[in-house]
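Notes follow once the structure below has been shown.
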Amino acid sequence: MLPQQEFLQHCGSHTKSRAVFLNLMMTSRFERYFKMNPHSQAGDTFFSMALAYIEVGRVAASASMSIKCLGDYENAVAYQLFHAMELFYKAMISNAGQSVKHTHDLCGLENQYKSCFSDPLYHFENPFNFSSYEPEPLNQNEMHLAQSHFENFKPTYMSQHLRYPPDHRTGGYSFSFDESFFTAMKEKFQEIYEMAANKSLQPTAFGGG
């Protein structure tokens, strides 16, 4: 259970108690409360938002096919996953004691995350990372076509490819994630976050072994 959830549970369900909770957010008392917990306030905030985007994506992915077929709906759904992963990486990086960059470069954040948590138990598939892409051996032109495509539609700017209408610089990618994928990813986030909470926040403590 996150510190915010524990605090709200302590306050109870009364409106007045929750108003007190909100007021404490602006006081040093609230800051001292978070210092008693193993995770930083910034990390918990990133993590809470990551779960929120995952849930939004899951609901959107469960829509009927008649809605999914409208325009770029699937990529709008994919963006919820993309942003959830960005926030999750930032949560873990923050909790590992490193500074969080103001960036939407998911692969860059993934590399920083893995430098903090090198144990394979903390790793999971990033469907937006094409760095390990391998062309079909029987298709001699595939590698050239892929390189040309990546050069024109740079994966580094995947956030923009998913959020904006396609033109000569944005677009170029199409994703489709079903409801079960979001559910599985949410469970993976929670599993990893809980596992990390039981270990030291020093990055060297996550080197495996």
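What to note about this one:
- Ordered by solvent-accessible area of protein heavy atoms (1.4 Å probe), largest first, the residues 77, 56 come out as 56, 77.
- Proximal charge balance of residue 122 [Cβ under 12 Å; K/R count +1, D/E count -1]: -1
- Carbon plus sulfur fraction of accessible area for region 86-209, probe 1.4 Å, in percent: 50
- Rounded accessible area per residue of region 54-209, 1.4 Å, Å²: 56
- Among the listed pairs 114/199; 68/101; 68/114; 68/90, those beyond 27 Å (Cα-Cα): 68/101; 68/114; 68/90
- Using the Cβ-Cβ distance between residue 72 and residue 107 with R0 = 30 Å, the FRET efficiency computed as 1/(1 + (r/R0)^6) comes to roughly 0.85.
The values are calculated or read from the model by the stated rules, or taken from the named source; none is laboratory data. Since we're looking at a predicted model, the values are computed, not measured. Note: ideal-geometry Cβ built from the backbone for every residue, glycine included; neighbour counts use all protein chains shown. The area values use the complete protein model at the heavy-atom level, side chains included, leaving out ligands, DNA and RNA. Shrake-Rupley method; radii C 1.70, N 1.55, O 1.52, S 1.80 Å.
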